[in-house]
Amino acid sequence: MPSSDEFVVAVGKSEDDTLNLIKSIDSHKIKIIETVWDDGLREGGRTFAAETDKAFNAISPDADWCFYIQADEVLHEKYHEVVRNVMHQNLANQHVDGLHFPYKHFYGSYDYVGESWSWYRRD
C-alpha cells in the first residue's frame, strides 16, 4: 500500500527465484526476512501460523498498524484509501485490537467465488 512505511516479506527457503525477485524490487520500504519452514508443523496448518509470527515479530516496534496478507491474497488498489482511512479513524481507539474487512475467495479458478466467513475454522 502506498501509505505503508514498511513491508515485511517473509520468504521461505525454496528452489525458485522468489527471494531474488523480492530483492530486485527497488524500495527502501521492504524488509526481507529469510525463513525455513518447520515441516513438523504442517498438520493443522500450524506452519502458516509460525511463519506469520516470524513476519509479525519483524515489524518495527513503532508501527501503528499491521496490514497482513499472504502471498496468495491481494488488496485491490481501489481499496488502499478505504483501509488507510479506517486505520486512521481507529488509531486512538483503545477498544480496537484489529480491523476485519470483507473479502472474496477464488477457488479452483477465477470463475468460482466464495464470500463466506466459514472458509476458516473457528477452534
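Key figures for this structure:
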{"read-out": "Positive-end extreme of charge dipole, the range 7-96 - chosen from 94, 11, 36 (charges on Cβ)", "value": "94"}
{"read-out": "The chain, dipole about Cα centre (Lys/Arg Cβ +1, Asp/Glu Cβ -1), debye to the nearest 20", "value": "240 debye"}
{"read-out": "In the chain, lysine pairs with alpha-carbon atoms under 25 angstrom apart (chain gap of 8 or more, or interchain)", "value": "11"}
{"read-out": "Extension gain, residue 68 back to residue 13 (0.36 nm per residue minus Cα-Cα distance, nm)", "value": "17.8 nm"}
{"read-out": "Calculated FRET value between residue 49 and residue 111, using beta carbons and R₀ = 25 Å, to 0.05", "value": "0.25"}
{"read-out": "Whole-Å semi-axes of the range 7-96's equivalent ellipsoid (Cα gyration tensor)", "value": "26, 18, 13"}
{"read-out": "Burial ordering of 84, 46, fewest other beta-carbon atoms within 10 Å first", "value": "46, 84"}
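Computed from the coordinates by the stated procedures, all read-outs in this text should not be read as laboratory data. Note that this is a predicted model, so its numbers are computed, not measured. So basically every Cβ, Gly included, is an ideal-geometry build from the backbone, and we count neighbours across all protein chains shown.
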